[in-house]
Amino acid sequence: MNYFSDADKLKAKFNGRVVGHLHTNYPIKKISWFRVGGCAELLFKPKDLNDLKKFMRIKPRNLPVTILGGASNTLIRDYGIPGVVIVLDRAFNYIKQTAVDTIECGAAVPSKKISNFALKNNLGGLSFLNTIPGTFGGAVKMNSGAYGAEVADILISARFINNKGNELECSPADICYGYRSSNISDDMICISAIIKGSIANKDEIIKEINRYKKHRDAAQPIKERTGGSTFKNPVDIKAWELIRDSGCSGLSSGDAIISGLHTNFIINKGNATAHDIELLGEKIKKRVKEKTGIDLEWEIRRIGNGPKVEL
């Protein structure tokens, strides 16, 4: 595993100036759903909002900062992530009902937990979150969705910290949302959001959640080491169909293989590297392009440094 030799020097810049946890050469693969990847040169878990603001204000201007949520739809490359990786911790993991049909949730709350909270409070329209992995801050940024619904449909407002440590609030009108995308800059750290549901019958909500879970369990390799959907769906066609019809079933790279259950999922059989996974993804992209003329777009976020991917 690659280590950053100057990590302790970087940590020293913040010792005694912030109160959150600082970890040098932290093995990110421990929290990655793929269980691959190198180290974070410095991992920072702010104690609270003020601690996060202070960190952003005192950090060197040219210091790379990476925000990492649940690391579910993320591939961390093998040589690790230089600079600072920020992971929001307990202070950002909360849910509260702000009105009869609205919820405020911290960015570190798992999306599934929001769905369960909505169920307890008879709020419909949020059941799709039950099947979305990761934390809600990441869902806000990438406009996560499932079963015909997405975050853009339920968002009232979101709060962010920018690169200078200033807090700002955005409405959906301020955010340019697209399919699994937004114009939210990587410099913006989502800290919380307010979302809306609708009063509904609890039994009907339970039926909807169970229907979604049954479909997901039958169609997706949720018990495997995977990163969720590998590629975004092009307009009017499913990525998994393109991959299947292009003869990609059975493709592999090291211990990275295409799921036999869902061809838009890549699985780490056990000892795959991030390079194996990314290389397999590029093989899929190339074959689909050759067979169909369609250029698939990665949905999985790929971050950090690693060996060059060459086909």
From the residues in segment 2-31 that are touching a Lys or Arg at 6+ places or on another chain (Cβ under 9 Å) and in contact (Cβ under 8 Å) with a residue 60 or more places away in the chain, which one is nearest to Ile81 (Cα to Cα)?
His21
Per-region count, segment 160-193, residues assigned to a strand (DSSP E or B), surrounded by fewer than 19 Cβ atoms within 10 Å (Cβ to Cβ) and out of contact with any Phe, Trp or Tyr (no Cβ under 9 Å at 6 or more places or on another chain):
2
Quick one: is Ser259 touching a helix residue (DSSP H, G or I) at 6+ places or on another chain (Cβ under 8 Å) and modelled with pLDDT of 95 or more?
no
Can you tell me which condition His21 does not meet? The list is (1) under 15 Å from Phe92 (Cβ atoms); (2) crowded, with 19+ Cβ neighbours inside 10 Å, and all the others hold.
(2)
Among the residues of segment 237-267, which ones are assigned to a helix (DSSP H, G or I) and acidic (Asp, Glu)?
Glu241, Asp245
Does segment 31-48 contain at least one residue that is farther than 26 Å from Ser181 by Cβ, among the hydroxyl-bearing types (Ser, Thr, Tyr) and out of contact with any Pro (no Cβ under 6 Å at 6 or more places or on another chain)?
no
Test: Ile114 is under 23 Å from Asn201 (Cα atoms), surrounded by 16 or more Cβ atoms within 10 Å (Cβ to Cβ) and under 20 Å from the mean Cα position of the chain (by Cα)
yes
Which numbered condition trips up Asn62, out of (1) in contact with a Phe, Trp or Tyr (Cβ under 8 Å, 6 or more places away or on another chain); (2) surrounded by fewer than 18 Cβ atoms within 10 Å (Cβ to Cβ); (3) within 30 Å of Lys308 (Cβ to Cβ)?
(1)
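The values are calculated or read from the model by the stated rules, or taken from the named source; none is laboratory data. Source: prediction; values computed, not measured. Cβ: placed from backbone, ideal geometry, glycine included. Neighbour counts: every protein chain shown.
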